[in-house]
Amino acid sequence: MLYSTSHTTSPPSPSPSPSPSFSPQSFDRSNCLLSAALSFDAYTPPSSLPASRRIEDSPNGLSVTFIDTSFTSECYDGMLEVIVKSVTNLQNPQIGDGNKIESLMSGSGIDPYLLAGVVELGGSKKNNTNTNSNSNIIDSLLDLLPNTQQSSSSSSSATLSDLDILTSTFSNGVNDLTSTVHVGRSSTAWAAPSKSQSLLTSYEPSSSFFGFNKKGASATWLRETPFYLCVQDPSTATVMFSIMDDEILSEDVCVGSGVLALSSVFTGLFSRPSSNPVTVTLNLSSKPKKKSKKSQIVAGAVTGAALGGGPIGALVGGFLASNYEDSTVKGELKLDLRYLPMAKRNTDTNSNSNTNTTEVKSQHKFTSCIESIDWSSVVPPTHNFDDLSLLTIINNKETGCSCRVYRSKSEKQIVVAFRGTTLDDPLSPKDLVTDGNIAQCSFLKNAVAGDKGNGNNIGGGNGASETDKLLREAKCHAGFYESLDSISRRLKEIVVLAGDGEFEQYDVTLTGHSLGGALAMLFASDVARFGYDLRRDMPEMGQNGNGNGNGVVEQIGTALKETILRQFGGGTSSGSNSKKKYTPPTPKSNSLYSFGAPRCGNGAFQKLFDSTTLKEKWRIVNDSDIVCKLPLSLNALVYKVEYKHCGDLLRVGSESASDSESMDDAAEIIRSVASGEAMYNHFEDKYYEALRNLK
């Protein structure tokens with residue numbers, strides 16, 4: 001049996017136009033069953049997936065595993081093979097101020113390894129298709145300018161763009177990049193290697209004469225295996241190579257970095273694999289600023305006093321030394337590079353070509369962690385698509401947040417399934433930490449209730465509409481929000497790329513079980529209201545404003561914009577049509593199906609969610625699934641937390657089960673935990689049984 005309810009109170013309409021309301025009769029049984037199958041499919045251990053997959057890793061712990069080879073070639077043009085050979089004349093950035101314990105653990109020298117990241121200055125391949133060539137050039141060049149690229153972190157508007165980092169003398173190298181989605185790493189050449197390590201690398205420490213460095217440290221990799229970086233457009237891609245000092249007890253330190261444009265190495269060779277590696281010698285051109293200037297200040301003070309200034313001279317000398325930063329960058333890196341273009345597949349099965357490039361369609365097989373469950377027997381044939389394919393698995397190693405992206409090209413369907421709570425690593429239960437963090441945070445980053453904003457930004461409508469007020473007052477489960485925030489931007493990019501240049505023609509379904517259902521609901525709250533904004537993670541107060549600027553850099557950027565627009569016939573930046581307003585990509589529709597999901601926001605968030613333009617927004621609950629009664633609201637004198645359910649309820653199983661929140665919930669939770677029935681209705685087998693009988 002199926003029982004459905006919806007909220008009786010009418011949610012406020014967003015400005016400027018009201019969202020359509022959807023009745024329980026809009027429930028799509030077939031889409032619900034497909035969503036359920038993929039929600040539990042997302043729990044399948046990655047080890048059971050094909051071995052022929054590509055993985056991109058970013059500095060912040062985010063990884064994307066590409067499963068579908070044809071989709072990989074849609075996203076990337078090729079792979080850059082990197083083999084580090086040697087590095088010479090390295091200068092320790094913290095010489096004289098090192099950690100004594102670290103020196104005892106790993107030696108006093110530098111323990112270098114190579115970190116490399118690709119920066120796509122020209123944007124993705126799919127974003128540059130089917131558009132005017134002049135506008136492509138203008139958009140690509142404008143993207144290089146400061147303040148035109150939104151950082152993927154929640155830092156302030158003063159954060160340097162990747163272009164600034166690539167051209168700066170002082171930076172932490174690859175670890176400072178915000179848009180890089182793929183980072184590769186070599187092995188470490190230890191300053192004090194073990195016997196086995198000495199067979200792979202050799203190291204020569206720096207030498208000095210009366211305290212002055214005359215020759216920097218050097219390292220040679222004798223038997224280094226290559227690593228690979230995914231490249232979207234080799235003609236515009238730039239690679240940053242950073243030499244890092246491998247620390248055992250603290251964070252690794254950047255020694256120096258160099259930048260290389262691929263077009264300067266592989267001119268005209270991108271269409272075919274490089275037969276032999278190209279040996280490149282690269283001078284390091286940037287380094288981090290010193291964290292400690294203690295020895296530098298002491299030397300300045302002594303010099304000031306010695307020059308006859310006495311105590312005042314020492315003070316002046318120390319002050320000048322504290323503000324001095326040597327801009328000299330030393331170090332030389334030798335690499336072997338090879339470019340390997342992706343094999344292009346012909347997806348036209350009606351092609352008359354005699355070549356063997358036609359892609360063979362393969363249907364994704366629904367999987368389950370329980371051997372007796374067969375979701376393919378439950379999903380109707382109309383939604384058991386012949387070309388349903390698992391494209392990617394997106395995961396953040398730091399937060400544990402994980403989801404999978406599926407696609408049917410023939411049906412123009414994309415499904416994003418968020419994985420629920422798992423205990424794959426009992427020593428690091430990231431999902432339990434996420435679930436247990438029931439404190440609340442603002443749905444809009446940096447939002448303050450009662451702040452009317454300036455009228456130009458998200459949530460800044462001068463208090464003119466009820467929606468603006470809700471945006472500022474909406475609060476969410478902090479654990480769920482922070483987890484989703486760690487993958488949200490890259491997930492949106494992958495979903496848009498899955499549209500293969502026709503994203504506006506695709507229907508997108510967001511789904512998940514348990515924690516996954518809550519993540520799907522939060523993600524839906526963002527993309528259904530604001531579109532798939534590729535410039536950011538979760539929405540931020542003031543996101544779409546003009547920013548604070550940064551003086552000279554902003555003036556240079558304005559001048560460059562003027563030059564670019566005049567050269568390519570775009571007028572001037574001061575004109576009314578100087579810069580086209582960014583419009584986030586939107587699909588044909590967004591739908592939500594969550595299964596056994598907990599509450600994830602307060603009353604303002606509930607009203608905000610229920611007013612979004614979702615085609616469907618169903619919350620499926622099996623019988624008296626106890627997880628759906630959590631978290632409870634807390635109304636204490638010291639701390640108050642309010643939690644409400646969102647969307648339309650569809651209950652499968654018992655008609656007598658209650659969905660309302662009351663004091664009885666706490667008693668029911670205690671009773672069910674004591675009896676061992678707490679999770680009885682929450683697991684896959686019970687949802688499978690209930691949904692299989694759904695009529």
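Descriptive notes on the structure:
- Highest mean first, the peptides 489-501, 224-236 sorted by other C-beta atoms within 10 Å per residue fall in the order 489-501, 224-236.
- The heavy atoms of ILE55 offer some 80 square angstrom of accessible surface to a 1.4 angstrom probe.
- Cβ crowding within 10 Å averaged over residues, with 237-245, 467-475 ranked highest first: 237-245, 467-475
- Listed pairs LYS287/LYS581; LYS607/LYS640; LYS365/LYS695 exceeding 29 Å between Cα atoms: LYS287/LYS581
- Cross-link pairs exceeding 18 Å in C-alpha to C-alpha distance, out of LYS445/LYS475; LYS469/LYS617; LYS195/LYS334; LYS412/LYS617; LYS445/LYS469, comprise LYS469/LYS617; LYS195/LYS334; LYS412/LYS617.
- Potential lengthening between SER372 and ARG29 on full extension [0.36 nm per residue; Cα-Cα distance subtracted]: 121.2 nm
The values are calculated or read from the model by the stated rules, or taken from the named source; none is laboratory data. Treat the numbers as computed from the prediction; the structure is a model and nothing was measured. As a convention, Cβ positions derive from the backbone with ideal geometry for all residues, glycine included, and neighbour counts pool all protein chains shown. Note: areas computed on protein heavy atoms with side chains; ligands, DNA, RNA excluded. Shrake-Rupley method; radii C 1.70, N 1.55, O 1.52, S 1.80 Å.
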